[in-house]
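This report concerns only the one structure given below.
The values are calculated or read from the model by the stated rules, or taken from the named source; none is laboratory data. The structure presented is a predicted model; accordingly, all values stated were derived computationally and were not measured. Note that each Cβ is placed from the backbone with ideal geometry, even for glycine, and that neighbours are counted across all protein chains shown.
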Amino acid sequence: MDLVVNGDRHTLEMDPRTTLLDALREHLGLTGAKKGCDHGQCGACTVLLEGRRVNSCLILAVTLDGASVTTVEGLAHPVQEKFLEHDGFQCGYCTPGQICSSVGMLDEALSDDDPPELSDAEIRERMSGNLCRCGAYPNIVRAIREVAAR
Amino acid sequence: MKTFTYRTATALDDGLEPGATFLAGGTNLVDLMKLGVATPEVLVDVTKLPLDEVTDLPDGGLRIGAGVRNSDLAAHPRVRRDYPVLSQAVLAGASGQLRNMATTGGNLLQRTRCRYFMDATMPCNKHSPGSGCPARSGDHRNLAILGGSSSCIATHPSDMAVALTALDAVVQVSGPAGARSFPLGDLYLLPGETPHREFTLEHGELITAVDLPGGSGSSAYRKVRDRASYAFAVGSVAAVLTVAEGTVTDVRLAFGAVAPKPWRAHAAEEALRGRPATRESFLAAADAELAAAEPLRDNAFKITLIRNLVASVLEGLS
């Protein structure tokens, strides 16, 4: 099967049980997306599939022949600088997922027919699929809020 | 995860070989396969089928393709405008990532999150018929108060299906024996003595669409959960209400997280039609439905919870 990751096309041969997350980490050496819970509950594995944020741990790679995936390694987005500026992390394990999720979330809000106001409460709701064990949420919200305000 | 073979479905009436299961968004099925609770021998991927459209129906209603992703459904202009209860319910479920993956058909067919069902090493009459149900004396705080049996008190976890139940949704299915349609409530079986049988679909029948009738009243969904976001419901209420001159002329109510299926509250509706749209009538209607509740040691609080939710949601709509 073929998978386009961060703009590069790869031809992969894998056991059909391989998730997108394992394909990225174990077959392509892209370890940005993290394996947290491996059950779609923590968001650490979040990547962008055709531009939309998804949990890569719950997608079988075999279903994605020809699809385009963006991982944190392929991103250059203002939200990354804002995470640094506002210290939007402590241990950093959830950060790649937080970054990918916030990029997807901001796109969802921008492309909405009736764009929402991204208040802190709205950002928290829309980012609730990404858990941060260190509790860096206030600074994560600050970082995203600044990008959203642009 | 047990090994399986994979193929893509090529037509709506493809059907399924023995031991095969359809795969759509995979948010529940892939998880259950990792847990060893689901062990399909063949996965038939239906996401390449042309089922991802939302289209207007001649009667003013809406046809939602079974492959429409939850996020697209919630954001659809007509769903937002004409069926707010549905948009609210979808957005109350899961997370942004999961809603981008999960489909309309898959959501209806998702399995209970009862901890004993989710654990292949535990007895459970659903995943291992006849092995018993540890939930009755064990952890049942979030399990059923309505529609359960001595064999099983699992709850259906969907928010979306609760809204669709209140909207009188009709399910379209297709299979080797042809196409048919039926009210959403008829998709689900109550557990009785056979809790491993959950759906009325024949092997190989595929949900292709969900139809909503036109011309609903005002509607809303309210969900109570243990944390502010991204948690399954402890109890929820979907309501569609029409009030004329202070009197309830039409009402449709469904409860979530209290029964093995999205629970249409017919007794409450009956008790409310023609009554004044007051908190007193709303509470009396809730009581009419909840009289049949059979709570266990740790889930009796759901009776009070649903009672108050019914009153609060209906007051908000009237």
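Please go through region A:39-61 and pick out each residue that is closer than 13 Å to A:Thr18 by Cβ and more than 10 Å from the chain's Cα centre (by Cα).
The first filter runs over region A:39-61 and keeps only residues closer than 13 Å to A:Thr18 by Cβ, leaving A:56-61.
Hits for region A:39-61 are A:Cys57, A:Leu58, A:Ile59, A:Leu60, A:Ala61.
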>> Anything in region B:10-31 that is surrounded by 19 or more Cβ atoms within 10 Å (Cβ to Cβ) and within 27 Å of A:Arg53 (Cα to Cα)? List them, or say none.
In response: B:Phe22, B:Leu23, B:Ala24, B:Gly25, B:Gly26, B:Thr27, B:Asn28, B:Leu29, B:Val30, B:Asp31
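A quick yes/no check of all residues on (1) of a type in the set (Phe, Trp, Tyr); (2) in contact (Cβ under 8 Å) with a residue 60 or more places away in the chain; (3) more than 11 Å from every other protein chain (Cβ to nearest Cβ):
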site: A:Gln90; (1), (2), (3): no, no, yes
site: A:Gln98; (1), (2), (3): no, no, yes
site: A:Ser111; (1), (2), (3): no, no, no
site: A:Arg124; (1), (2), (3): no, no, no
site: A:Gly129; (1), (2), (3): no, yes, no
site: A:Cys132; (1), (2), (3): no, no, yes
>> Based on this model, can you work out whether B:Ala244 counts as surrounded by fewer than 15 Cβ atoms within 10 Å (Cβ to Cβ) and aliphatic (A, V, I, L, M)?
In response: yes
> What is the one condition in (1) in a loop (DSSP other than H, G, I, E, B); (2) under 17 Å from B:Glu315 (Cβ atoms) that B:Leu201 does not satisfy?
Replying inline: (2)
> Here are A:Val54, A:Val141, A:Val103: which of them is within 10 Å of another protein chain (Cβ to nearest Cβ) and either within 30 Å of B:Val44 (Cβ to Cβ) or surrounded by 16 or more Cβ atoms within 10 Å (Cβ to Cβ) (or both)?
Replying inline: A:Val54
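Can we say B:Pro40 is free of Cβ contacts under 8 Å to residues at least 24 places away in the same chain and over 29 Å from B:Ala254 (Cα atoms)?
No: the conditions fail for B:Pro40.
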> How about region A:18-39: which of its residues are under 21 Å from B:Thr3 (Cα atoms) and either within 11 Å of chain B (Cβ to nearest Cβ) or touching a residue at least 24 places away in the same chain (Cβ under 8 Å) (or both)?
Replying inline: A:Thr18, A:Thr19, A:Leu20, A:Leu21, A:Asp22, A:Ala23, A:Leu24, A:Asp38, A:His39
>> Can you say whether B:Asp168 is farther than 24 Å from B:Val313 by Cα and surrounded by 14 or more Cβ atoms within 10 Å (Cβ to Cβ), as far as the supplied structure shows?
In response: no
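Taking the conditions exactly as written (farther than 24 Å from B:Arg307 by Cα, in contact (Cβ under 8 Å) with a residue 12 or more places away in the chain and surrounded by fewer than 18 Cβ atoms within 10 Å (Cβ to Cβ)), does B:Thr194 satisfy them or not? So that I can check it myself, show each step before the final result.
On the way: farther than 24 Å from B:Arg307 by Cα: yes; in contact (Cβ under 8 Å) with a residue 12 or more places away in the chain: yes; surrounded by fewer than 18 Cβ atoms within 10 Å (Cβ to Cβ): yes.
In short, yes.
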>> I want to confirm something. Restricting to region A:1-34 and keeping residues that are of a type in the set (D, E, K, R) and in a loop (DSSP other than H, G, I, E, B), which single residue is nearest to B:Tyr230 (Cα to Cα)?
In response: A:Lys34
>> Among the listed residues B:Ala233, B:Ala257, identify the single one that is at positive phi, among the aliphatic types (A, V, I, L, M), in contact (Cβ under 8 Å) with a residue 12 or more places away in the chain and in contact with a Gly (Cβ under 6 Å, 6 or more places away or on another chain).
In response: B:Ala257
>> Within region A:113-122, take every residue that is among the acidic types (Asp, Glu) and without any contact (Cβ under 8 Å) to a residue 24 or more places away in the chain and give me the one that is farthest from A:Leu49 (Cα to Cα).
In response: A:Glu117
> With respect to B:Ala267, is the statement that it is closer than 19 Å to B:Asp168 by Cα and either surrounded by fewer than 22 Cβ atoms within 10 Å (Cβ to Cβ) or free of Cβ contacts under 8 Å to residues at least 40 places away in the same chain (or both) true?
Replying inline: yes
>> Quick check on region B:213-222: of everything there that is surrounded by fewer than 22 Cβ atoms within 10 Å (Cβ to Cβ) and either within 14 Å of chain A (Cβ to nearest Cβ) or part of a strand (DSSP E or B) (or both), which residue is modelled with the lowest pLDDT?
In response: B:Ser218
>> Looking at region B:252-269, can you tell me whether even one residue there is outside any strand (DSSP E or B), within 14 Å of chain A (Cβ to nearest Cβ) and either modelled with pLDDT under 95 or over 20 Å from B:Asn299 (Cβ atoms) (or both)?
In response: no
> Restricting the search to region B:273-314, which residues are over 23 Å from the mean Cα position of the chain (by Cα), buried (at least 19 other Cβ atoms within 10 Å of the Cβ) and not in a helix (DSSP H, G or I)?
Replying inline: B:Ala277
>> Within region B:131-138, does at least one residue satisfy the condition of being in contact with an Asp or Glu (Cβ under 6 Å, 6 or more places away or on another chain), part of a loop (DSSP other than H, G, I, E, B), modelled with pLDDT of 95 or more and more than 20 Å from B:Leu109 (Cβ to Cβ)?
In response: no
> How do the strands (runs of 3 or more DSSP E) wholly within region B:1-96 filter down when requiring 1 or more residues that are away from every other protein chain (no Cβ under 14 Å): which remain?
Replying inline: B:54-56, B:62-65
> Looking only at residues in region A:57-66 that are within 7 Å of another protein chain (Cβ to nearest Cβ) and touching a residue at least 40 places away in the same chain (Cβ under 8 Å), which one is surrounded by the fewest Cβ atoms within 10 Å (Cβ to Cβ)?
Replying inline: A:Val62
> Do we find that B:Val243 is assigned by TED's automatic domain parsing to the domain that holds B:Ala293 and within 24 Å of B:Phe301 (Cα to Cα) in this structure?
Replying inline: no
